[in-house]
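Please treat every number below as a calculation from the coordinates, not as lab data. Note that the coordinates shown come from a computational prediction; the quantities given were computed from them, not determined experimentally. Every residue, glycine as well, gets a Cβ built from its backbone with ideal geometry; the counts of neighbours run over all protein chains shown.
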Amino acid sequence: MERPWTRPLGSGSVPRVLLATDADWVHEEVDAAIAGDDIELFRVQRGTDVAPALQIEPFDLVVLDLQIGNMGGMAACMSLRLDQSVDRLGHVPVLMLLDRQADIFLAERCEADGWVVKPLDAFRLRRAAAALLAGERWTEGRPEVVEAPADEATAAPAPA
């Protein structure tokens, strides 16, 4: 089967990240931010190539640009989650590259493990990728909900 992604030279046993974008500038920014001696970055230019790439070779993280010409990041993520729900694929964390804060709803809806809102910068991309590769979540644009400790939340009001 033809491999639709570009493979870097000198591949070793480091985390493998699959980026799906048809925008060269997004590829360049993600490559500059996360690729290096400790992470290998591969690219597909069509959302429809993500699942087949995961079936051929293992990846540790998938980064999906929200805007991809033939199958956007949301549809690609939903397709991955559907394949995972019927055991066609194992779970792979997904980092979505969102165009605006309003797109956070889409990332939540398609069960992305994390997202970064554009404009992109190397520091945020690197931290997001590291968090997802460590099994954590990475989200931006939603305020943290701080819950009161159980004893304070259930305590009766003081008598007047």
Original post:
Rounded to a whole number, what is D in µm²/s for the range 12-70 from Stokes-Einstein with the Kirkwood radius over alpha-carbon pairs (37 °C, 0.692 mPa s)?
Top reply: 283 µm²/s
Original post:
Give or take rounding to whole Å, what are the principal axis extents of the alpha carbon atoms in the range 16-141, in descending order?
Top reply: 35, 35, 29
**OP:** Please sort by residue number the trypsin sites (Lys or Arg not before Pro) in the range 72-130 whose DSSP state is loop and whose Cβ has at most 15 other Cβ atoms within 10 Å.
**Re:** R88, R100
**OP:** Could you tell me which of L18, Q55, A102 has its Cα farthest along the dipole of the range 16-141 towards the positive end, charges placed at Cβ (Lys, Arg +1; Asp, Glu -1), taken about the Cα centre?
**Re:** A102
